[in-house]
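Have a look at the structure below before the remarks.
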Amino acid sequence: MIISDLIKITKRLCYNSSIYLIASLILFFILTNNIIAQTTKENWVPVNANNSNKIYINTVGLENFKENDIYVWVMEENNPPIIMEGIDAKIYKTKTYFLLNKYLKRYSILQIVFYDSKNNVIKSYNYSRNTDNIDFKYSSPILEGSNVSFVLLKCVEIISSLKK
């Protein structure tokens, strides 16, 4: 009688453990599926277009910049595609992550990603550096009439309109 009771208790424990395990796995898959389903949204706004390329900025997050530094992704579509030394495919699109300073009128490139005609990444470079030295933080001047100056103007315009 003791052995049969022990077997019944063991079966009940195994059954309950199995239910808890299955319920935990189902809950885990539901939670991870929802986390993966959340993607970063992008809102590409045109900045400038000429005969050979179109320039857009991603406005998502621009409202968070209140000081002089603005971090922004810029997308450039090239038609016809461009060819660069060290990259084995034609470049149809480039996304560049910029750090712009509207007071100093200087900028730095933090990251560049090159794409082919099928939107596959061909090559990417990361230029991020952790420094507060202004000469290194902002490596280039923003020249009047350049694409970067148009990007800065568009960013300032959007940030100003979002504050209203």
Solvent-accessible area per residue for the stretch 76-141 at a 1.4 Å probe radius, Å²? 66 Å²
Ordering of 79-86, 97-104 by burial proxy (mean other Cβ atoms within 10 Å per residue, highest first): 97-104, 79-86
Could you look at the stretch 83-164 and say what percent of its accessible area is carbon and sulfur, using a 1.4 Å probe and all protein chains? 50 percent
Can you list the aspartates and glutamates whose alpha carbon sits under 20 Å from that of Lys137, skipping same-chain ones fewer than 8 residues off? Glu67, Asp69
Descending semi-axes in Å of the stretch 112-157, equivalent ellipsoid built from Cα gyration tensor: 25, 19, 9
Normalised alpha carbon radius of gyration of the stretch 55-143 [divisor 2.2 N^0.38 Å]: 1.19
Sequence-separation-based contact order of the stretch 73-113, relative, with Cα cut under 8 Å and 6+ spacing, percent: 34 percent
Arrange the peptides 115-122, 70-77 so that the one whose residues have, on average, the most other Cβ atoms within 10 Å appears first. 70-77, 115-122
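The values are calculated or read from the model by the stated rules, or taken from the named source; none is laboratory data. Note that the structure is a prediction, hence the values are computed from the model and not measured. As a convention, Cβ positions derive from the backbone with ideal geometry for all residues, glycine included, and neighbour counts pool all protein chains shown. With ligands, DNA and RNA removed, areas are computed over all heavy atoms of the protein, side chains included. Shrake-Rupley method; radii C 1.70, N 1.55, O 1.52, S 1.80 Å.
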